[in-house]
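Notes for the one structure printed next.
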Amino acid sequence: MNEGKHGNLNWAASPFRLSAADAAGSVMCISYCRVADRFLHRISYLSETGTQFHLDSCVGDVGSAQWPGDPPLQQLSRETIAGQTTILAVGQAGVGHWSSSAQAVHCDQGAQIFLDVACRFSVFPLHLGSQYQVPESCFGVCIDSLRVLVQLPQAALCLEAAIPESHQTANASIAQWQWDPVTRLLRLTVGGCGTNMPQTVRWQIKVFAVSGGGPSPAL
């Protein structure tokens, strides 16, 4: 079992925790815990055979105090939206105001974690996006456009990024995954902001398990 960077936190006891299981018994879960002045989250995968794997959100070495590597979420609540339990979060750093929603849902791809994030700002941002620490237990990280596969022994976690259609403009529709095998940071950078201020940039991430796994080159 790999506890990840924040393994000393009691993720399982968090009041802000959502999970969903697929037909085979695999479980996807998202949990939030406070670290210093903000909440970080962990995305967990538990296979039907008992294998566990975690991705921890991480500020890392990108960004600054005003434009951190991952959204600075400082207030959380549990709400029911369209019959679906949802974790809502807001936070602020510098002149940026972040908001986020998280759900654990069932879909055609099985159990899935769905994140919807937005940042509103009045000056050009130095960095926008999301970032995860990848444990050493994975075999590799493969990037194909807005889709990432984190290879595990008998499966893979897929992270798919998207810009909602309502925010797909000429000035705000760029998103790109990057993988640093030295720091083991997987980061999504969102850009293409125009000069009109203030403005809001929004991005979404889906995380789900796919069959297969084993060694794979890191691209």
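How many residues does region 144-167 contain that are of a type in the set (Asp, Glu) and either within 26 Å of Asp56 (Cβ to Cβ) or at pLDDT 85 or above (or both)? Show your work before the answer.
Going through region 144-167, the residues of a type in the set (Asp, Glu) turn out to be 144, 160, 165.
Checking the rest, the ones that are also either within 26 Å of Asp56 (Cβ to Cβ) or at pLDDT 85 or above (or both) come to 144, 160.
Result for region 144-167: 2.
With in contact (Cβ under 8 Å) with a residue 12 or more places away in the chain, in contact with a Phe, Trp or Tyr (Cβ under 7 Å, 6 or more places away or on another chain) and either within 20 Å of Arg34 (Cβ to Cβ) or not hydroxyl-bearing (Ser, Thr, Tyr) (or both) as the only criterion, which of Leu88, Leu76 stands out?
Residue meeting the stated conditions: Leu76.
Identify, please: which residue in region 131-148 is in contact with a Lys or Arg (Cβ under 7 Å, 6 or more places away or on another chain) and part of a strand (DSSP E or B) and is, among those, nearest to Phe53 (Cα to Cα)?
Across region 131-148, the extreme among qualifying residues is Gln133.
Identify the single condition in (1) surrounded by fewer than 21 Cβ atoms within 10 Å (Cβ to Cβ); (2) modelled with pLDDT under 95; (3) of a type outside the set (D, E, K, R) that Gln74 does not satisfy, given that it satisfies every other one.
Just one mismatch for Gln74, condition (2).
Please state which of the following conditions Pro68 fails to meet, knowing it meets all the rest: (1) touching a residue at least 12 places away in the same chain (Cβ under 8 Å); (2) under 30 Å from Ala24 (Cα atoms).
With (1) touching a residue at least 12 places away in the same chain (Cβ under 8 Å); (2) under 30 Å from Ala24 (Cα atoms) applied to Pro68, the lone miss is (2).
Looking only at region 69-92, decide whether some residue is of a type in the set (A, V, I, L, M), part of a loop (DSSP other than H, G, I, E, B) and within 26 Å of Arg184 (Cα to Cα).
The answer is no; no qualifying residue exists.
Do we find that Ser99 is part of a strand (DSSP E or B), among the small types (Gly, Ala, Ser), buried (at least 16 other Cβ atoms within 10 Å of the Cβ) and in contact with a Pro (Cβ under 8 Å, 6 or more places away or on another chain) in this structure?
Here the answer is no, as Ser99 does not meet what is asked.
Do any strands (runs of 3 or more DSSP E) entirely within region 1-46 hold 2 or more residues that are at pLDDT 90 or above, touching a His at 6+ places or on another chain (Cβ under 7 Å) and under 12 Å from Ser57 (Cβ atoms), and if so, which?
Working: elements: 17-21, 27-35, 38-46.
Answer list for region 1-46: 27-35, 38-46.
Considering only residues that are polar (S, T, N, Q) and more than 13 Å from the chain's Cα centre (by Cα), look in region 100-130 and name the one that is nearest to Tyr45 (Cα to Cα).
Gln109
What is the residue count in region 77-91 for residues that are modelled with pLDDT under 95 and either among the acidic types (Asp, Glu) or in contact with a Pro (Cβ under 8 Å, 6 or more places away or on another chain) (or both)?
Number of matching residues: 0.
Does any residue of region 113-120 turn out to be among the β-branched types (Val, Ile, Thr), assigned to a strand (DSSP E or B) and crowded, with 20+ Cβ neighbours inside 10 Å?
Looking through region 113-120, at least one residue is among the β-branched types (Val, Ile, Thr), assigned to a strand (DSSP E or B) and crowded, with 20+ Cβ neighbours inside 10 Å.
Say we look at region 168-219 and pick out the residues that are under 19 Å from Arg42 (Cβ atoms) and among the β-branched types (Val, Ile, Thr); which of these is modelled with the lowest pLDDT?
Once the filter is applied, the top-ranked residue is Thr183.
The values are calculated or read from the model by the stated rules, or taken from the named source; none is laboratory data. In this text the structure is predicted, and so the values were computed from the model without any measurement. For neighbour counting, all protein chains shown are included, and Cβ atoms are generated from backbone atoms with ideal geometry for every residue, glycine included.
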